[in-house]
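Structure, as structure tokens:
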Amino acid sequence: MATYIGRRLVLLPIVAFGVTVLIFALLQFLAPEMRAAAFITNPNQLNALPAIIQKYGLDKPVHIQYVNWLREVFLRGNLGWSQTARQPVRQAIGSFFPATLELTMYSFIPIMIIGVWLGTAAAVHRDKAIDHVSRVFSISFRSLPSFVWGLLILMILYGRLNWFPPGRLSLEQDLFVRSGQFHFYTHVMTIDALLNGELWIFLDAVRHLAGPVLTLTMISIALLVRITRSSMLEVLRQDYVRTARAKGLDEPVVINVHARKNALIPVITLSSLTFVGLLGGVVITETIFNFPGIGRWGAFAANQLDIPGVTGFAMFVAALTVLGNLAADILYAYFDPRVRLQ
Amino acid sequence: MGLLSAAVRGVQVNRTRLLPLAGIVAACFAAALVLPATRDRVLRYPLAIAEFILLALFVIAFWTIPSDFTRRMRRNPLSVAGFSIIVLFVAIAALAPILAPPPATSRDAYLIPQEGFSSDPKPPQVRHPFGTTEGQYDIYYGIIWGTRTAFRVSITVIAISVVIGLFLGGISGYYGGRLDEIIMRLTDVFLAFPGLVLAVVVVAVLGRSLDNVMIAIAIVNWPVYARLLRGDILGIRSRDFVEAARALGGNDFRIIFRHIIPNAIYPFLVFGSLDVGLIVLTAAALSFLGLGAEVGYADWGMLINLSRNWILGAPGNPFAYWYVVIFPGAAIFLFVLGWNLLGDAFRDILDPRLRGSS
């Protein structure tokens, strides 16, 4: 177990190094003037562009620039200035991420519960009604673009029914939150509202979360249902399941104790895939619902050619992805001893 | 050549069944030539008609090849549905200039004609069967020509990914060792980003254009292909026929390209066809975010992006502009659905282990 985790941990910095090289290589497609934008914090500096290029060595050989850039990013934690967020990239990530965390958190739970339940049910009742329903459901949502689904939800549940408005809070609640009477503990709005004892803020936050969560859930659940189903079918064919049945155990015991536990092992890996998928999915969902998280900021920065913003966003998401995968690998080895011994 | 001769045989075997089909197609063309409204269009684009007939023949031939594969395909209603949807889109793409003739003054047929500059979308009417978007781009025209864009994007991306995947995956799987380690860590780096995020960065840096969208999606996609081929090659490398080729003095290049890749490429190509749906979805998402083709280019995601400000409708009438989402959205959905249905059927047929389990 220790050597397995050790090997994963050794790979981690290698991948991280590769990510920085990739991002830096992409940046080299830009002219020095555009890269200099990262160091500009007010309009007056625009006249001093050549001096800035000189000062930060943007006309130096590539490898020297890379080392300088890396030093800037890792030693000083300086990712540049984001034009779209009007603050340094590092602070921008800090201020946008809690909203995204809230969104992914509330989407992740229903995705795992409904996905696993529907997948197992479909496998156990193979070729029955529930199997067909889950099949149609899964292939439809795999084919529907997330933004079309999101726009439909927005049209119906906000435009028509006025249930789930876009944004993060309504005007009145937002003013209250900013008034100073509200203390931010975690910057996750629903939790903060409860900690402050302000139920009306909590309810308003939930109302605003419902639309994006519904969008993310529906889109991501399809894959989980498919994989749980085929994994469960595979397990149901195993000898130990037949043995359990031959011993005369009740069917629920066979399914829940013998089969499902083993069928859930691939689902652990899948949970990290789902997490990564959610991080990609928030770009579209947050843009549609005007939800102030890092996804909307990243898309907006890309649109406005705010290069420091985009690259900072991408590196942050990559770091989360790599850590998510690492966690999944470790959990996988923990639950499946065969992996450790390989 | 093998496919062609098999197809000819298929046509011969199924002659009686094919006759009514050919008759219907011929009748449609005759009708189109007789009706004055459509005659001009048909006569103006003989090339599109020729393309269409060629494709139709190819499709019919493929469908009637007497083999286990096509027999299973024909028996499964889902794969028939998927196949029909794809054929429909192929027909639309081939006949695009006839279904939606570009205006005489247009410099590029892919640019959607614009009628006026009024900002609010206009509902479906005779001149614009699916309505218009913000800025008066015709949605019908955009959907018809967008079919060609969708095919172009997916074919280009798959071609690039397959070439890179073949090269790197082949080296990695065949030589193993340190080279394998390096290439696999390289794929790790590219897979450390959610696909859409990396694509967004690449388009933001390279600039906004359809070519860059294709490059971006190919950059996101190739590692999957490289890993797939590597895995296949690892299984094949130690097989007897490879040993035999080596014993006969074949060099590495010859062994890889003549013996290993032809034996590993089949699942690889099937995977490519499954991937079309995902590629089109990513391209549409990029366009929707405003990171796709130039404004006014026939592209499904772009059509929705153009009218994004209007989807909440007018006061008192929330669905006033339903057509700006529904028509392009349905086009993307059907296209991707067709490929997914076909892909599931392919997998069911070609992978006996999974047969009936997905």
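Quick look at the values:
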read-out: Whole-angstrom gap from the range B:187-220 to the range A:1-80, using each part's C-alpha centre; value: 18
read-out: Residue A:74 paired with residue B:81, simple spin-label distance in nm, labels 7 Å along Cα-to-beta-carbon; value: 5.2
read-out: Global form of the range B:246-358, assessed from the alpha-carbon gyration tensor, a/c cut-off 1.5; value: oblate
read-out: In degrees, nearest ten, helix B:210-237 long axis to first principal axis of chain B (Cα); value: 30
read-out: Order by protection proxy (mean Cβ within 10 Å, highest first), peptides B:190-199, B:253-262; value: B:190-199, B:253-262
read-out: Within the range B:295-338, backbone nitrogen closer than 16 Å to the virtual label 7 Å beyond the Cα of residue B:88 toward Cβ; value: B:326-338
read-out: Between helix B:139-175 and chain B: long-axis angle, C-alpha atoms, 0 to 90°, nearest 10; value: 10
read-out: Most positive-pole-ward Cα, B:67, B:189, B:130, against dipole of chain B from beta carbon charges; value: B:67
read-out: Relative contact order (%) - criterion: Cα under 8 Å, at least six apart; region: chain B; value: 20
read-out: For peptides A:112-125, A:13-26, sequence by mean Cβ density within 10 Å, most packed first; value: A:112-125, A:13-26
read-out: With Cα atoms, 0 to 90° folded angle of helix B:261-288 axis to chain B main axis; value: 30
read-out: Sequence-distant lysines (8 or more away, or on other chains) whose Cα lies within less than 25 Å of residue A:128; value: A:261
read-out: Whole-number percent relative contact order across the range A:87-341, with pairs defined as alpha carbons under 8 Å at least 6 apart; value: 28
read-out: Among B:296, B:249, B:313: highest mean-square fluctuation, GNM of chain B, C-alpha pairs under 10 Å; value: B:249
read-out: Computed helical MRE - 222 nm, chain B, DSSP H runs ≥ 4 contributing -39500 (n - 2.57), nearest 500; value: -23500 deg cm²/dmol
read-out: Peptides B:98-110, A:301-313 ordered by average Cβ neighbours within 10 Å, highest first; value: A:301-313, B:98-110
read-out: C-alpha center-to-center spacing [the range A:271-308, the range B:34-82] in angstrom; value: 41
read-out: Charge dipole (debye, nearest 20) of the protein assembly as shown; +1 at Cβ of Lys and Arg, -1 at Cβ of Asp and Glu; value: 1680
read-out: Kyte-Doolittle at least -0.5, axis length at least 30 Å by Cα - qualifying DSSP helices, chain A; value: A:2-27, A:89-124, A:199-236, A:260-289, A:307-335
read-out: Protein accessible area in the range A:87-341, 1.4 Å probe - carbon and sulfur %; value: 65
read-out: Interface B:A - total buried accessible surface [probe 1.4 Å, Å², rounded to 100]; value: 4500
read-out: Computed magnitude of the charge dipole of chain A (debye, nearest 20; Cβ of K, R +1, Cβ of D, E -1); value: 840
read-out: Positive-end extreme of charge dipole, the protein assembly as shown - chosen from B:89, A:14, A:120 (charges on Cβ); value: A:120
read-out: Net charge of Cβ neighbours under 14 Å - reference residue B:191; Lys, Arg +1; Asp, Glu -1; value: +1
read-out: Distance from the range A:241-260 to the range B:94-136 (C-alpha centre basis), Å; value: 62
read-out: List A:183, A:208, ordered by accessible area with a 1.4 Å probe, largest first; value: A:183, A:208
read-out: Farthest positive-ward along chain B dipole, Cα basis, beta-carbon charges - from B:277, B:298, B:229; value: B:229
read-out: Cα shape, the range A:210-293, gyration tensor, a/c 1.5 rule; value: prolate
read-out: Cα pair distances in the range A:30-76, grouped into 5 Å bins until the bin that holds the longest one, percent each; value: 4, 22, 30, 25, 14, 5, 0
read-out: Whole-Å semi-axes of the protein assembly as shown's equivalent ellipsoid (Cα gyration tensor); value: 40, 36, 30
read-out: The range A:87-341 - accessible surface per residue (Å², probe 1.4 Å); value: 44
read-out: Cβ charges +1 (Lys, Arg) and -1 (Asp, Glu), total dipole of chain B, debye; value: 980
read-out: Cα-only Debye scattering, chain A: base-10 log of I(q)/I(0) at q = 0.12 Å⁻¹; value: -1.02
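The values are calculated or read from the model by the stated rules, or taken from the named source; none is laboratory data. Computed from a prediction, not measured in an experiment: that's the story for all the values here. Here the Cβ is made from the backbone with ideal geometry for all residues, glycine too, and neighbour counts use every protein chain on show. SASA here: full protein model, heavy atoms, side chains in, ligands and nucleic acids out. Shrake-Rupley method; radii C 1.70, N 1.55, O 1.52, S 1.80 Å.
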